[in-house]
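Please read the structure below before turning to the comments.
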């Protein structure tokens, strides 16, 4: 029996790319979305459709999902992974960075949900996996706007779960701590970026993207009757 389609946003690097590789190895057809098409194509994964889509472009995201469903059948899951982390102290941070995080981390995630949810409800089968952060459960220095977006992801996920559980659709939140990805590089404040990097080295390293991908796989591959609502994972040495 053929496996169902899974959609992954932000699939060009980090957690998204690691999840794409893992799920492809397990035989799933994939729709990979990111702004950098060359990075998606460089993964060279079989049975995969790659499209240059910015998650803030709702129409483009919906169109890409529809195209993939024409190729592979209905999307059974979406991994809403696309996100940006722009750390900064509120008194000095450029408000444009808040806009970017809200647009990508919150509105982009809602766009992903919108692209697949109606079909899942109609079929009474599907899984929405939202990649949040421990910064959606706790607050940290220089994380004010970023924490706000990730707290929003947690709230959206919890309320959505309540809304769609009667339709046999699962909503899963994955909340990793620090992960070795490109995410830190988005921060424009050099001092904050260096302090964060120093902290990672002091604790002896952080999660690998592959660790988070495995958590995503584990949660998704449970029977549809089992909903793992949230997985919080960090490096053992990450105390906060």
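Would you mind checking the tilt of helix 58-72 against the longest principal axis of the Cα atoms of the chain, expressed as 0 to 90 degrees and rounded to 10?
Result, in degrees: 40.
Rounded to the nearest 0.05, what FRET efficiency is calculated for residue 159 and residue 107 with R0 set to 22 Å and r the Cβ-Cβ distance?
0.90
Restricting attention to the alpha-carbon atoms of region 5-232, what are Rg (one decimal) and Dmax (integer), both in Å?
For region 5-232, the Cα radius of gyration and maximum Cα-Cα distance read 16.8, 50 Å.
Quick check on the chain: helices-only [θ] at 222 nm, where DSSP H runs of length 4 and up contribute -39,500 (n - 2.57) each and the sum goes over total residues. Nearest 500, please.
Using -39500 (n - 2.57) per qualifying helix, the result is -13000 deg cm²/dmol.
Can you give the relative contact order of region 5-232 as a percent, counting alpha carbon pairs under 8 Å and 6+ residues apart?
21
Can you give the three extents of the C-alpha atoms in region 42-124 along their principal axes, from longest to shortest, in whole Å?
Dimensions of region 42-124 along the principal axes of its Cα atoms: 49, 33, 18 Å.
If you rank 181, 100 by fewest surrounding Cβ atoms within 10 Å, what's the result?
100, 181
Roughly how many nanometres apart are two label points built 7 Å out from the Cα toward the Cβ at residue 58 and residue 36?
A separation of 2.9 nm, rounded to one decimal place.
Gain in length, residue 193 to residue 123, computed as 0.36 nm per residue apart minus the alpha-carbon separation, to one decimal in nm?
My answer for the length gained is 20.7 nm.
Starting from the Cα-Cα distance between residue 140 and residue 26, subtract it from 0.36 nm times their residue separation and give me the gain in nm to one decimal.
Extending this stretch completely gives an extra 37.4 nm.
For 87, 5, which order do you get if you count the other beta carbons within 10 Å of each Cβ and list the fewest first?
The fewest-first ordering by Cβ neighbours comes to 5, 87.
Who wins for biggest fluctuation among 88, 205, 126 in a Gaussian network model of the chain, springs between alpha carbons below 10 Å?
Of 88, 205, 126, the Gaussian network model singles out 205 as fluctuating most.
Tilt of helix 109-123 relative to the longest C-alpha principal axis of the chain, in degrees (0 to 90, nearest 10)?
Relative to the chain, helix 109-123 is tipped by roughly 20 degrees.
In degrees, nearest 10, range 0 to 90: what is the angle between the Cα axis of helix 14-25 and the longest Cα principal axis of the chain?
30
Evaluate the relative contact order of region 168-240 (contact order divided by residue number), counting alpha-carbon pairs under 8 angstrom at least 6 apart; express in whole percent.
Result for region 168-240 is 56 percent.
Relative contact order for region 1-67: what percent, with Cα pairs under 8 Å and sequence separation of 6 or more?
It rounds to 29 percent for region 1-67.
Coordinate-derived values only; no laboratory data. Owing to the predicted nature of the structure, the values given are computational and were not obtained by experimental measurement. Note that we place each Cβ from the backbone using ideal geometry, even for glycine, and neighbour counts take in every protein chain shown.
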